[in-house]
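Only one structure is covered here, and it is reproduced in the block below.
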Amino acid sequence: MKLKLRGHHLLCLKGFQGYGYDENFVKNMTFINSKRKLPQTIISLCDSADDICSSCPNLIDGICEDKTQNERVISMDREVLKKLDITKEYISTELFDKIDEIFNTKGSVSKICFNCKWSEKCLFYQKLSNNR
């Protein structure tokens, strides 16, 4: 299986525990989260609407909510993507191992997760907050 994921969603998937915007979004996110744990899943990276966004009720004409929010989300993506080679496709399990190596402290995600509405429910962010 191939997945297209935007940068910040690599972190979101690590902390996902079943919350979301609506039932359709949660169902899609759960499916993608299960597939990203398989070594046969291939991931290409982007800083635009991806396979997770495809079921988000806030996606309007390829834009996340509005122009201001979309620019903020793209900025989050680019903070993650500048640490990766966006021209290559990744074996999912290897990519997420790399994410664990790169983003392993609260400081390493400060520009990405600092104002996220899901941070209190995100297992990934909570773990990093405990590691400081």
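In table form, for the structure just shown:
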read-out: Residue check, SER34 among the small types (Gly, Ala, Ser), farther than 19 Å from ASP97 by Cα and either without any contact (Cβ under 8 Å) to a residue 40 or more places away in the chain or out of contact with any Phe, Trp or Tyr (no Cβ under 9 Å at 6 or more places or on another chain) (or both); value: no
read-out: Matching residues in the range 107-119 - criterion: being under 14 Å from LYS14 (Cα atoms) and of a type outside the set (A, V, I, L, M); value: CYS113, TRP118, SER119
read-out: Residue list for the range 48-65, restricted to those being over 22 Å from GLN17 (Cβ atoms) and part of a loop (DSSP other than H, G, I, E, B); value: SER48, ALA49, ASP61, GLY62, GLU65
read-out: Meets criteria (closer than 21 Å to LYS127 by Cα and either surrounded by fewer than 18 Cβ atoms within 10 Å (Cβ to Cβ) or at pLDDT 95 or above (or both)) for ILE102; value: yes
read-out: Which listed residue, of SER48, SER34, SER75, SER55, is of a type in the set (Ser, Thr, Tyr) and closer than 16 Å to MET1 by Cα; value: SER34
read-out: Test: residue in the range 2-15 that is buried (at least 18 other Cβ atoms within 10 Å of the Cβ), in contact (Cβ under 8 Å) with a residue 60 or more places away in the chain and more than 20 Å from ILE86 (Cα to Cα); value: yes
read-out: Residue within the range 80-91 that is loosely packed, with under 14 Cβ neighbours inside 10 Å, of a type in the set (Lys, Arg), modelled with pLDDT of 95 or more and within 19 Å of TYR19 (Cα to Cα) present; value: no
read-out: Which numbered condition MET29 misses (of (1) in contact with a strand residue (DSSP E or B) (Cβ under 9 Å, 6 or more places away or on another chain); (2) surrounded by 13 or more Cβ atoms within 10 Å (Cβ to Cβ)); value: (1)
read-out: Exclusive hit being on the phi < 0 side of the Ramachandran plot, outside any strand (DSSP E or B) and touching a helix residue (DSSP H, G or I) at 6+ places or on another chain (Cβ under 7 Å), set LEU3, LEU38, LEU45; value: LEU38
read-out: Among (1) in contact (Cβ under 8 Å) with a residue 24 or more places away in the chain; (2) assigned to a helix (DSSP H, G or I), the one test that THR68 misses; value: (1)
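One line per residue, one yes/no per condition, for (1) polar (S, T, N, Q); (2) part of a loop (DSSP other than H, G, I, E, B); (3) under 14 Å from the mean Cα position of the chain (by Cα); (4) under 21 Å from ILE43 (Cβ atoms):
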position: THR93; (1), (2), (3), (4): yes, no, no, yes
position: ASN104; (1), (2), (3), (4): yes, yes, no, yes
position: ASN115; (1), (2), (3), (4): yes, yes, no, no
position: ASN130; (1), (2), (3), (4): yes, no, no, no
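The values are calculated or read from the model by the stated rules, or taken from the named source; none is laboratory data. Since the structure is predicted, the reported quantities are computational estimates derived from the model, not experimental observations. In this analysis, Cβ positions are derived from the backbone assuming ideal geometry, glycine residues included, and neighbour counts consider all displayed protein chains.
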